[in-house]
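The structure under discussion appears below in the form of structure tokens.
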Amino acid sequence: MSIFINRIKELEFLERKYASKEAEMIVIYGRRRIGKTELMLKLCEGKEALYFIGRLESKEDIIKRFNNLIIGFFNDKHLLNSPLQNWDSILDYIAEKADKRLIIVLDEFPFIVNRCPEIVSVLQDKWDSKLKNSKAMIILSGSSVGMMEKYALDYKSPLYGRRTGQWKVDKMEIFHLNKFFPHYSIEDLILVYSCLDTIPGYLSKFSSEKSLDENIAERMLSKGEFLYEEVEILLREELRDPSNYMSILSSIAGGTTTFNEINNRTSLDKSLLSKYLSILENLGIVERAIPITETYKSKLKAKGALYFLEDNFFDFWFRFIYLNKQEIEKGYAYDVLNNIKKDVNGYMGRKFEKFSMKIVPIIGNFNKIGKWWDKKNEIDIVALNEEKKEILFGECKWSSKINALEIVNELSKKARYVEWMGDKRKEFFAVFAKSFSKRIEEFEGRKVYCFDLKDIADALNNHMRPLSSKRIKV
């Protein structure tokens, strides 16, 4: 199955740049397996395009491969006897050929820079002197977010100021999950999301013809499988010494959420821990969470921030694979799976919250969605519409036969402690659960929305269109 699903906004951006009458230098970056290569190959379909992927090989082999690509594309037999010797001559050649629209993709650009560090300054020179006046569309792409920022986006890079656009390719939307697994129930899709997130390269490793249990046991809990070692490989690729990062991530996955708790668990120097957490946050692995009602200034200096693993795949891996590696190495995949299933409800609580947050936009036009807490209370979901002074309070229960009246009654008591807009605000409530024993439509004059798994499935199938009272029973 092709893993090119959706990516409409990304493709529209690239097509718009392709259609421009100017030279373009675009930076495309994002973590491994997110779908960058498929995106660029889709763009290149039916167009004049040179696609070159960097590999860990010698400089001489890189230049030789690029020569072979050019010879094949332009059918230039002359280069067989007089090949281009360096990046100066290669970029000069491309500039001459780009008298009409020509895409040049340098995929895994950091691998090329690793063996040919001069390419960055050479590309700067040739862009300024020739390429910016050509019809070339140059795309620099890479999976190492840190390296791409260093070589192509950082103000210290020779390429700073030359790029004409950039796009960080992120995770897919949740409503595309059923395209990977059309036969799965909504409960199974939420479970898939909770262990793989919405990363195309990971989702494609599961077979839609196998049960969820089989996929987890055979593709995640089995030695030698791609998903079994992916976390360690990704960290080694991004970070020089991943050992301290592993300790931090294991600590957070284990339930330590405050800075001081993580510091006590890891015994790292506080300044180093702050630096490491910032790097992990930038990579999209860790989330530094602040109560959603905090102002921007208070967020910057807030001491009560909580840390979570933003990436579900990392969270699942550290919580269930990392701690069971000894048993997995011995081949006890299904034994480990049975132990995971005993603990899965505790793990699913926060994951169901994250999933439910993505459903909230169908209720109303809320511009901020997140969690809220103080020293005594916590609310799973709080959504704000600052213009209309509307606030939604939501509770998520990964359980069946929930009494919505009881939940909303408790939720309304906690809502009183949320300081936002005073008595000018208009309040709503939402309850998300597997199923309900009792639904309600309002509570003390305030609208209540009840979503069970069927309602959530309907929302996904309708691609998250705004709420219709006929479609969602409340």
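Brief remarks on what is shown
- Placing +1 on each Lys and Arg Cβ and -1 on each Asp and Glu Cβ, with no other charges, gives the chain a dipole about its Cα centre of roughly 1120 debye.
- Relative packing of peptides 141-150, 409-418, 183-192 - highest average C-beta neighbours within 10 Å first: 141-150, 183-192, 409-418
- Each pair of Cα atoms in region 359-461 enters the Kirkwood radius, and Stokes-Einstein at 25 °C and 0.890 mPa s then converts it into a translational diffusion coefficient of 177 µm²/s.
- Coordinate range of the alpha-carbon atoms in region 8-168 per principal axis, descending: 43, 31, 30 Å.
- Helical contribution to [θ] at 222 nm, DSSP H n ≥ 4, -39,500 (n - 2.57), averaged over the chain, rounded to 500: -12500 deg cm²/dmol
- Of the residues 304, 235, 450, the one whose Cα sits farthest towards the positive end of the charge dipole of the chain is 450 (charges of +1 on Lys and Arg Cβ, -1 on Asp and Glu Cβ, taken about the Cα centre).
- Note on region 175-346: Kirkwood hydrodynamic radius from all Cα pairs is 17.3 Å, rounded to one decimal.
- Local net charge near residue 178, Cβ-Cβ under 13 Å (Lys/Arg +1, Asp/Glu -1): -3
- Positive end of the dipole of the chain (Cβ unit charges, origin at the Cα centre): among 206, 91, 356, the Cα lying farthest that way belongs to 356.
- The C-alpha atoms of region 30-116 occupy a region whose extents along the principal axes are 40, 31, 17 Å, arranged from largest to smallest.
- For the chain, the relative contact order comes to 12 percent (Cα pairs under 8 Å, sequence separation of at least 6).
- Note on 343, 88, 458: ascending count of other Cβ atoms within 10 Å places them as 343, 88, 458, the fewest first.
- On Cα atoms only, tilt of 404-415 relative to the major axis of the chain in degrees: 80 degrees
- Trypsin sites (Lys or Arg not before Pro) restricted to region 67-128 and DSSP loop, no more than 12 other C-beta within 10 Å: 77, 100
- Computed about its Cα centre, the charge dipole of region 175-346 is approximately 680 debye, with only Lys, Arg, Asp and Glu carrying charge at their Cβ.
- Counting Lys and Arg as +1 and Asp and Glu as -1 over every other residue whose Cβ lies under 11 Å from the Cβ of residue 280, the net charge comes to -3.
- Volume per residue of the C-alpha convex hull in the chain, rounded to whole Å³: 179 Å³
- Relative to the dominant Cα principal axis of the chain, helix 59-74 is inclined by about 80°.
- The 3J(HN,Hα) values that the Karplus relation (6.51, -1.76, 1.60; θ = phi - 60°) gives for region 355-368 are, in residue order, 5, 5, 4, 6, 8, 3, x, 6, 7, x, 8, 8, 8, 9 Hz. Gly and Pro appear as x.
- Between helix 226-238 and the chain there is an angle of about 70 degrees, using the helix long axis and the longest principal axis of the Cα atoms.
- With a threshold of 20 Å on the Cα-Cα distance, the over-threshold entries among 59/168; 17/100; 171/454; 168/270; 42/171; 97/132 are 59/168; 171/454; 168/270.
- Amide H to amide H, with H built 1.01 Å from N, residue 55 comes under 5 Å of no residue 5 or more places away or on another chain.
- Beyond 24 Å in Cα-Cα separation lie the following of the pairs 64/126; 342/368; 397/447; 150/205: 342/368; 150/205.
The numbers here are math on the coordinates, done by the rules we state, and not lab data. These numbers were taken from a predicted model, which means no experiment stands behind them. Neighbour counts are summed over all protein chains in view; Cβ atoms, including those assigned to glycine, are modelled from backbone coordinates with ideal geometry.
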